[in-house]
Amino acid sequence: MEELSVTEAVANVIKKIKAPNILVIGATGTGKSSLINAVFGEDLAQVGTGLPVTQGFHFYSNGLVNIYDSAGYELGEGSAFVNTIFEFLYSKQKVEPEKQIHIVWYVISAPSARIEQFDIDIISLLHKYGIPLLIVLSQVDRASEQEVDSLKTVLSHFDITQSDDVIEIAASPLIIRGKPICEPFGLEEVVARTLEHLPEIYADAVRIAQVVDLKSKRELAWKLIAAAAVTTFGSAFIPIPGVSTGTNLAIQASLPVSIASVYGFRDARKFLQLTYEGVPTKTLVGFAGATLGLDVFRSVIPILGNAIAGGTAATGIAIVGLAYASTFEAMAKAHIDPKNSEETDKFLIDNFQKELKKYSDIVIRTTKDLTKVKDRFLDQ
């Protein structure tokens, strides 16, 4: 079997990721755009910016997710609306798998307290085609408990909750006297249920694109780290000549930019410049090497001739990778603007060094040890 380099292994994980096609269906004014923008953290569904791909639908894409947004319907337009949906779904059943609809978000406004027969007809068709479905009760912050319960009762009568997820959300809470009446809610559940329904190649794209559940991004970050670490077993890990062991591991793992992208920092190369001990223009990779040269890793990264033993190299890669992931997760959570170089430098240095020390007790001797490290990282 041909051995992969660390860089190739990481690249292979990324190459497998494909953009899912999400169909968002709902009446005019149900908050579809608010839902889309809240989940993906950008004005992805701006009015007038979508590409009209067919009658009654607009298409939005950020390269990671493709959104087909139904144009909605007004009172009395139900029949025409359902025909448009039927024709669209039928056409999508005849194309190759990557162009089909992979999941549907069916948005119903909770304050309306109304479900029409054509809603049931469309949902029944989705069942017939076997398309995963989330029924999203939107604008719940503006509805009474009685209105929400009424919708759920109607849904239960049609027996459509048995295989579908019904999720209550407030994507853009009502503002009264300049303040929202509550915090947004339900969005993490939308992401979680979407990830459960999608195959991994599509789920990973959603993990990157969504911004409401940082913890879920760890799954993909770990795939990158594990792929890099596994390649070091079976033969010695030969360092790049002329650089320190720590720097070597950090560079060959090809992790900084890849992991930064998972957490939404897609222009990572532009802001990974920082200073360390007064020396300007060090990259974070170089900083990792400098830090790895400290006592933190002297006990776990012994050099064996001109090579590093597989388990030892895997240990170093895992520690550095986990430090990257935890640092970028903290950066995203703190809403650090990468364009503010001074703020970014300080945050990266302080947090990266702290995370390196936190994971410095990790020792990987076999691939089985990676499972224990994975559980620790995902559950922290």
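Values quoted throughout were computed directly from the atomic coordinates according to the rules given, and no laboratory measurement underlies them. As the structure is a prediction and not an experimental result, all values here were calculated from the model. In this analysis, Cβ positions are derived from the backbone assuming ideal geometry, glycine residues included, and neighbour counts consider all displayed protein chains.
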For this session: Mind putting a number on the dipole of region 96-219 about its Cα centre? Charges go on the C-beta only, +1 for Lys and Arg and -1 for Asp and Glu, and I need it in Debye to the nearest 20.
Result: 400
Exercise. What size of dipole, in debye to the nearest 20, comes out for region 187-234 about its Cα centre when the only charges are +1 on Lys and Arg C-beta atoms and -1 on Asp and Glu C-beta atoms?
Worked result: 180
Problem set entry | Contour minus Cα-Cα distance for Lys16 and Ser91 (0.36 nm per residue) | 24.4 nm
Problem set entry | 24 Å Cα-Cα threshold exceeded, pairs from Lys223/Lys358; Lys18/Lys372; Lys15/Lys128; Lys32/Lys179 | Lys18/Lys372; Lys15/Lys128
Seminar exercise, completed: Rounded to one decimal in nm, the spacing of the 7 Å Cα→Cβ label points at Asn62 and Ala113 is 3.6
Exercise. How large is the dipole of region 21-197 about the Cα centre if only Lys and Arg carry +1 and Asp and Glu carry -1, each at its Cβ, rounded to the nearest 20 debye?
Worked result: 280
For this session: For region 21-197, give the share of DSSP beta bridges that are antiparallel, in percent and rounded to the nearest 5; count only bridges with both residues there.
Result: 35
Seminar exercise, completed: Footprinting proxy, Asp361, Asp165, Asp204: sorted fewest to most Cβ within 10 Å, the residues are Asp361, Asp165, Asp204
Problem set entry | region 21-197 - convex hull of the alpha-carbon atoms, volume per residue in Å³ | 122
Seminar exercise, completed: Quick calc, Tyr129 & Lys152: beta-carbon distance into FRET formula, R0 22 Å, rounding 0.05, result 0.35
For this session: May I ask you to sort Leu370, Leu356 by Cβ crowding, counting other Cβ atoms within 10 Å and putting the fewest first?
Result: Leu370, Leu356
Exercise. What are the ³J(HN,Hα) values, in whole Hz, obtained from phi via the Karplus relation 6.51 cos²θ - 1.76 cosθ + 1.60 with θ = phi - 60°, for each residue of region 346-354 in sequence order, with x given for Gly and Pro?
Worked result: 5, 5, 5, 4, 4, 6, 5, 5, 5
Exercise. Label-point separation (nm) for Lys99 and Arg376, each offset 7 Å from Cα along Cα-to-Cβ?
Worked result: 4.8
Exercise. Using 1/(1 + (r/R0)^6) with R0 = 22 angstrom and r between the beta carbons of Lys346 and Lys215, what's the FRET efficiency to the nearest 0.05?
Worked result: 0.35
